[in-house]
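A quick write-up on the structure given underneath.
The values are calculated or read from the model by the stated rules, or taken from the named source; none is laboratory data. Worth saying up front: this structure is predicted, and the values here are computed from it rather than measured. Here the Cβ is made from the backbone with ideal geometry for all residues, glycine too, and neighbour counts use every protein chain on show. Remember, those area values only see protein heavy atoms, side chains included, never the ligands or the DNA or RNA. Shrake-Rupley method; radii C 1.70, N 1.55, O 1.52, S 1.80 Å.
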Amino acid sequence: MVLRNLIVRENEFGTERPRVIGWSDAVGREGGGLVVLVILFGALSLASDSFLTGGNMANLSRQWAVYGIIAIGELLVILTKGIDLSVGSVVGLTGASAAQLLVAGLPIPIAVLCAVLVGGAIGVINGVLVAYAKLPPFIVTLGMMGAARGLVLVITNANTIQPLPEGFSSIANDSLLSIPNLLWITVVVIVLLGFLLRRTVFGRYIYATGSNAESARLSGVPVPKVQVTVYAMSGLLAGIGGVLLASRLDAGVPTMGEGYELDAIAACVIGGASLFGAKGSALGAAAGALITSTLNNGGNLLGVNSFYLRIAIGVLILLAVSFDQIQTRLFTKKT
């Protein structure tokens, strides 16, 4: 009787076969970007003796910092299946506003705060038009891109604003513990936004909105408020990027931030974000921004024409989107 109970038939085992953990299971969607980054660093280290020097790494970190902060703001919008084409113009507007306020004699903290709030206000307008007026994000932010760039030219009269107080320049150009301030600021932004996306209810609301807005609304997610908030945060982060860039340049330049919107979108896509929403992370966006910054930095060291660098970044975007599509189709077949 006892032996009979010990007999186990084959069909009593689970039918599910042991699953082999793949690359995407181990490192997530950011894995592809991290591999590209490692290869890029290795190749540039072999090609140029100047690449891995302390001075160039500090310069690279400063270039990456502004791109990284803007890209993370763009990521928040992309996760909700939206897009923000105005971030480059917001960078220019907030940088010019900060410079103009400093020239007018305002203390540095107040000028910086006002400039960042300008970016946040533009983000709120974008969000309200998308969430409540139900206008397409592409059209809303395209219009805002032109309007904000026009405001930059009005504020600066198409001239560079300088000189600025010495303390303002030190925000971006000084170091703490031999590490550039810009790098510290960027790391803090990545950690905070990564925590927001992964460990908070609001982060889950963002992914739910991008996955299926109607289902999320029926489940109790305040979709319009989430959309307004992510556009506001994108504007705020672009505002921080604009102030930091003006500090780094020690001037308010009217052309500042031109083309940054495409770089931010490229960084998100290369870092694993999906333009169809609900996929991506702060770390991935930061890694994507580091890839584009490293390409530009390495290209400058090797004397490569910047036109070819733009082609390389464009090819990377196409590869990343193709990879995303292939992954989605494979997942659909499995399910």
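Descriptive notes on the structure:
- Scanning segment 63-83 for any residue that is without any contact (Cβ under 8 Å) to a residue 40 or more places away in the chain, more than 16 Å from residue 271 (Cα to Cα) and not basic (Lys, Arg) turns up nothing.
- Just one of the numbered conditions (1) loosely packed, with under 13 Cβ neighbours inside 10 Å; (2) farther than 30 Å from residue 287 by Cβ is not true of residue 153: (1).
- As a summary of the residue check, residue 111 satisfies the conditions (1) open to solvent by less than 10 Å² (accessible area, probe 1.4 Å); (2) under 29 Å from residue 194 (Cβ atoms); (3) not charged (D, E, K, R) except for the one numbered (2).
- Of all residues making up segment 257-285, the number that are open to solvent by less than 10 Å² (accessible area, probe 1.4 Å) and over 18 Å from residue 80 (Cα atoms): 1
- Residue in segment 269-279 that is in a helix (DSSP H, G or I), under 21 Å from residue 238 (Cα atoms) and modelled with pLDDT of 80 or more present: yes
- Of all residues in segment 298-317, those that are more than 18 Å from residue 33 (Cβ to Cβ) have Cβ atoms under 7 Å from Cβ atoms of residues that are aliphatic (A, V, I, L, M) and surrounded by 14 or more Cβ atoms within 10 Å (Cβ to Cβ), 6 or more apart or on another chain, in 299/309.
- The listed residue being surrounded by fewer than 16 Cβ atoms within 10 Å (Cβ to Cβ) and modelled with pLDDT under 95, out of 95, 42, 82, 31: 42
- Within the set 189, 230, the sole residue that is modelled with pLDDT of 95 or more, within 19 Å of the chain's Cα centre (by Cα) and either open to solvent by less than 40 Å² (accessible area, probe 1.4 Å) or within 17 Å of residue 280 (Cβ to Cβ) (or both) turns out to be 230.
- Out of 245, 236, sole residue that is among the hydrophobic types (A, V, I, L, M, F, W, C), crowded, with 24+ Cβ neighbours inside 10 Å and at negative phi: 245
- Taken over segment 158-207, residues that are part of a loop (DSSP other than H, G, I, E, B) and either acidic (Asp, Glu) or within 24 Å of residue 75 (Cβ to Cβ) (or both) amount to 2.
- Within segment 194-220, the set of residues being surrounded by fewer than 20 Cβ atoms within 10 Å (Cβ to Cβ) and either within 30 Å of residue 161 (Cβ to Cβ) or among the hydrophobic types (A, V, I, L, M, F, W, C) (or both) comprises 195, 196, 201, 202, 213, 218.
- Selection count where residues are in a helix (DSSP H, G or I) and under 13 Å from residue 93 (Cα atoms), scope segment 238-254: 9
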